[in-house]
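Take a look at the structure below.
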Amino acid sequence: MEVDPNKIYDVIVIGGGPAGMTACVYAARKNLSVLLISIDIGGQVLMTSEIHNYMGYQYIAGRELMQKFSEQVNSFPVAIRMPDDVMAVGEEDNIFYVLTKFDATYKGKTLIIASGKRPKTLDVPGEKELTGRGVTYCAICDAPLFRDKVVAVVGGGNSAIWAALDLNKVAKKVYLIVRSLLRAEPIYIDKLKQAERVEILEKHIPIEIKGKDRVEGMVLKNSLTGDEKEINLQGVFVEAGLIPNTGFLRELVKINERNEVIVNCNCETSEPGIFACGDVTNVFDKQIIIASGEGAKAALAAYRYLLSKI
């Protein structure tokens, strides 16, 4: 559906992951006018290869699941502004204004924040300079580029293990660099132990990525002994966690010490008319099915809020 920059939408949804798309469907089913603004359709799930815990599917690929979400959104009259990114939001006379990267401003009676998270960086010498030259943050996207090469995955959670397992299929050797201990789900750790090309280096911290035009190696520090060693490799996959995308809110709503939007059980934020859902919030645990449920709740809460204003 075409975007109308002059229209005041009932709901503006910021973020096109599972939470945001579910919110769009539930809001549209209530005959609300809906605008979705997002960098992409799918969010973090696009970087997930195998999903085994989304009800209704014993197994489904991340991109395939998000394609199904997208098709359902497109079956409703939802206006979609993509690709675009929200830079700031404000409020005046009970109307919310959303400024995007491409200098467009959209107006809404309510906002649903579903902006998710972005990958953390390592903040070590060489990382920024070699990003796109062997340093990457998406194993699903870039693993095929490292066929028969030596690579490292940095991280100890589910996403790091998924990346290591994906790379085990194509790379010559995979180092899994874990700052402390593995903290992933047991089912994934069991699979990791069967991966012949993966070497796990627990209690090791990356302190430098080396290379001129491309990645050539990485310097590691043993957190127990303080010893340093350099390993030769051609790729570094950073899977060190995620940071909530809340910078554009400019203190409009309350956030916690982890920069997550604080919501109550109805997905309400500290600002009336603004709701939030998915990984950007302080809701316990970050799972696709939880994000989807929270997206539904946020849309229904926004609907009730609009009814109260009639």
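The figures follow:
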| item | result |
| --- | --- |
| Check: the range 127-238 dipole with +1 on Lys, Arg Cβ and -1 on Asp, Glu Cβ, in debye | 140 debye |
| Within the chain: Cβ-based charge dipole about Cα centre, in debye rounded to nearest 20 (Lys, Arg +1; Asp, Glu -1) | 380 debye |
| Residue range of the chain that is longest and free of chymotrypsin sites (Phe, Trp or Tyr not before Pro) which are both DSSP loop and sparsely packed (at most 16 other C-beta within 10 Å) | 103-283 |
| For 115, 33, 308, order by how many other beta-carbon atoms lie within 10 Å, fewest first | 308, 33, 115 |
| Ellipticity estimate at 222 nm from DSSP helix runs (n ≥ 4, -39,500 (n - 2.57)) divided over the chain, nearest 500 | -7000 deg cm²/dmol |
| Members of 128/212; 7/297; 149/169; 101/128; 30/297 lying beyond 18 Å, as alpha-carbon distances in this model show | 7/297; 101/128 |
| Rounded, prolate or oblate (a/c below 1.5 giving rounded, otherwise prolate when a/b exceeds b/c) for the range 127-238 by Cα gyration tensor | oblate |
| Cα gyration tensor, the range 34-186 - rounded (a/c under 1.5), prolate or oblate | prolate |
| Between helix 18-29 and the chain: long-axis angle, C-alpha atoms, 0 to 90°, nearest 10 | 20 degrees |
| Taking the range 69-201 and dividing mean pair separation by its residue count, relative contact order in percent (alpha carbons under 8 Å, at least six apart) | 15 percent |
| DSSP-loop GluC sites (Glu not before Pro) across the range 103-200, with at most 10 other Cβ within 10 angstrom | 196 |
| Options 144, 99, 195, ranked by Cα towards positive dipole end of the chain, top entry (Cβ charges) | 195 |
| At most 15 other Cβ within 10 Å, DSSP loop - GluC sites (Glu not before Pro), the range 67-121 | none |
| Which of 277, 141, 265, 24 has the fewest Cβ neighbours within 10 Å, and the rest in rising order | 265, 141, 24, 277 |
| The chain: radius of gyration and largest Cα-Cα distance (Dmax), Å | 21.0, 67 |
| Footprinting exposure proxy for 55, 218, 66, 87 (fewest neighbouring C-beta atoms within 10 Å first) | 55, 87, 66, 218 |
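Every number here is computed from the coordinates shown, using simple stated rules; none is lab data. None of these values were measured; they are calculated from a predicted model. Note that each Cβ is placed from the backbone with ideal geometry, even for glycine, and that neighbours are counted across all protein chains shown.
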